[in-house]
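See structure below.
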Amino acid sequence: MKIDKITLYHLRMPLRSPFETSFGRSEARDSILIEAYSDGQVGFGECVADRDPGYSSETAVTAWHILGDYLIPTMIGMEISSLNMVFSTLNFVRGHYMAKAGLEMAVWDLVGKTTERSLKNMLGGNRDRVAVGVSVGIQASPSKLVDVVSDYLAAGYQRVKIKIKPGRDVEDARAVRKVYPDLKLQVDANSAYTLETAKALQPLDKLDLLLIEQPLAEDDLWDHARMQSKFQTPICLDETIISPRHARQAIEMKACRIINIKAGRVGGLSQARLIHDLCYAQGVPVWCGGMLETGVGRASNLALASLPGFTLPGDISATERYYLEDITNESFSLNPDSTINVPDRPGLGVSINRDSLEKFSLVKKSFP
Ligand code: OSB
Ligand code: MG
């Protein structure tokens, strides 16, 4: 298969409610949609780099540059004989995993549509529906947080993650735990602590949390290992795990007991699957993280989370939790048992609403 044309769209979509994390607050989500053509067939991929470099060093604009000036010129016209070769073909560019992942996703979608196989089937998934939860941003106060959590529980979510930052951690988690003693509850710090300041998190160990996600710096395996040795609650790494090698080393160093897998963070679905396979072989639980994706990225996450090692609920919520209007014609809804169905049509199994796409596009560019 050869790609003959690619169009990029820089999107900005209003969020249904502002999302606040330890790295900032946002009211809209930027992303890049990648539209790739081969022989009259079209595939889509989503690059999850956001407007600001808060979660990672990549932004929508750096991804636009790397895609347009390096990755796309390499891919156009090249014979793509296997999906595994995409990541290695793009390896001449250091880093920029979100840019690479978005492009690779479009190739998976194209191959799936051409061979009439669903992404779930191509990846080796074995579930029709996956367990999901909701990621709740930092609220104005702990009592406001309890109200927001209550609303999500009423909507059917059976696992809740709350974002924390220094000064808004133990008290927030305690407030939720007090009202919901049996809730599957976890926290995510997005790298906001140091080994020293993380001592303040010790009381979390008494709150029966599923996990503590990414407390320390994104490039720090060692201090996570030191912290894990002092906590009974499993530490889960997100930002730190950027490759199968990092996953292996984190497990060997006991820097975490659980891994959050995001295809965008690791350079694509092929790399994400390698991390899954490695963790599965060693009995390390994984779950699928989220980046407030559009319907395109959400379809990809659902397919990834259908692999057997994804034994904890993913950060994959219903469309309505994120957007009033999405760019896909399909929207995803929550089943009463806190699961979402995995698309089963060829490729990602979603189609694009052209009117919405135009409406949310800031810039558009075609290659060649
Ligand atoms: O750290 O998991 C994270 C959203 C944007 C960037 C980073 C993270 C998140 C979330 C939201 O927690 C997960 C979702 O898509 O629902
Ligand atoms: Mg996280």
State in Å² the accessible area per residue of the chain; use a 1.4 Å probe, count heavy atoms of protein chains only, and round to the nearest integer.
40
Relative to the chain, whose Cα atoms define the longest principal axis, helix 295-304 and its Cα axis are tilted in degrees, nearest 10, by 70
Would you mind checking which residues have amide H under 5 Å from Lys184's amide H? H placed 1.01 Å from N; only 5 or more apart, or other chain.
Val160
Mind checking the full-extension length gain between Thr7 and Asp344? Use 0.36 nm per residue of separation minus the Cα-Cα distance, one decimal, nm.
118.8 nm
Tilt relative to the chain, helix 269-282 - C-alpha long axis, 0 to 90 degrees, to 10
40
Taking the chain as the reference, fit the longest principal axis to its C-alpha atoms, fit the long axis of helix 170-179 to the helix C-alpha atoms, and give the angle between the two in degrees, 0 to 90, nearest 10.
80
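If you stretched the chain out fully between Asn335 and Lys230, how much longer would it get, using 0.36 nm times the residue separation minus the C-alpha to C-alpha distance?
34.0 nm
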Given R₀ = 30 Å, what would the calculated FRET efficiency be for Glu27 paired with Val179, taking r from the Cβ atoms and rounding to 0.05?
0.60
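At 1.4 Å probe size, put Thr194, Thr21 in order of accessible surface, largest to smallest.
So, going from the largest accessible area down, we get Thr194, Thr21.
Once you have a ≥ b ≥ c as the square roots of the Cα gyration tensor eigenvalues for segment 121-341, tell me rounded if a/c is under 1.5, and otherwise prolate or oblate according to whether a/b is larger than b/c. Kindly include the intermediate steps, with their values, before the conclusion.
Values: a/c = 1.79, a/b = 1.08, b/c = 1.67.
Oblate is the answer for segment 121-341, as a/c is 1.5 or above yet b/c matches or exceeds a/b.
Please find the FRET efficiency linking Leu195 to Glu116, where r is the Cβ-Cβ separation and R0 is fixed at 41 Å, and quote it to the nearest 0.05. Each step should come with its number before you reach the end.
On the way: r = 51 Å, r/R0 = 1.26.
With R0 = 41 Å, the Cβ-Cβ based efficiency is 0.20.
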DSSP bridge orientation in the chain - percent antiparallel, rounded to nearest 5
60
Can you work out the FRET efficiency for the pair Met85 and Asp39, with r the C-beta to C-beta distance and R0 = 25 Å, to the nearest 0.05?
0.85
Interchain or long-range residues, amide H under 5 Å from Tyr323's placed H:
Arg16
Shape verdict for segment 1-102, please, from the Cα gyration tensor: rounded (a/c under 1.5), prolate (a/b greater than b/c) or oblate.
prolate
Computed over segment 121-341, the relative contact order (Cα-Cα under 8 Å, seq sep at least six) in percent reads 22
Leaving out ligands, DNA and RNA, what percent of the accessible area of the chain is carbon and sulfur, probe 1.4 Å?
50
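The values are calculated or read from the model by the stated rules, or taken from the named source; none is laboratory data. These numbers were taken from a predicted model, which means no experiment stands behind them. Note that each Cβ is placed from the backbone with ideal geometry, even for glycine, and that neighbours are counted across all protein chains shown. The area values use the complete protein model at the heavy-atom level, side chains included, leaving out ligands, DNA and RNA. Shrake-Rupley method; radii C 1.70, N 1.55, O 1.52, S 1.80 Å.
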